Amino acid sequence: LDHREGVLLGGSSGVPGIVPSDPDASEIFVRITLPEDDSDIMPPEEDPLNEEEIETVRAWIINGASFE
């Protein structure tokens, strides 16, 4: 998540990690909003994000996911 280009390209699945302006198409957003018992939830080894943190990520994506 430290380089915009890598996040936009996506990982091994080929699905973009972030689709600017579209949280529902952004794999990162999808994964942080999965049920707690889902094995694909992010972050995988820490507590799930709370509602405020999720809303912050959603707003960041909606506003273009700037890295500046």
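The values are calculated or read from the model by the stated rules, or taken from the named source; none is laboratory data. Computed from a predicted structure; not experimentally measured. Ligands, DNA and RNA are excluded from the accessible area calculation, which covers all protein heavy atoms including side chains. Shrake-Rupley method; radii C 1.70, N 1.55, O 1.52, S 1.80 Å.
Quick notes
- Ligands, DNA and RNA left out, the 1.4 Å accessible surface of the chain is 50% carbon and sulfur atoms.
- Accessible area per residue in Å² at 1.4 Å probe, computed on the chain: 71
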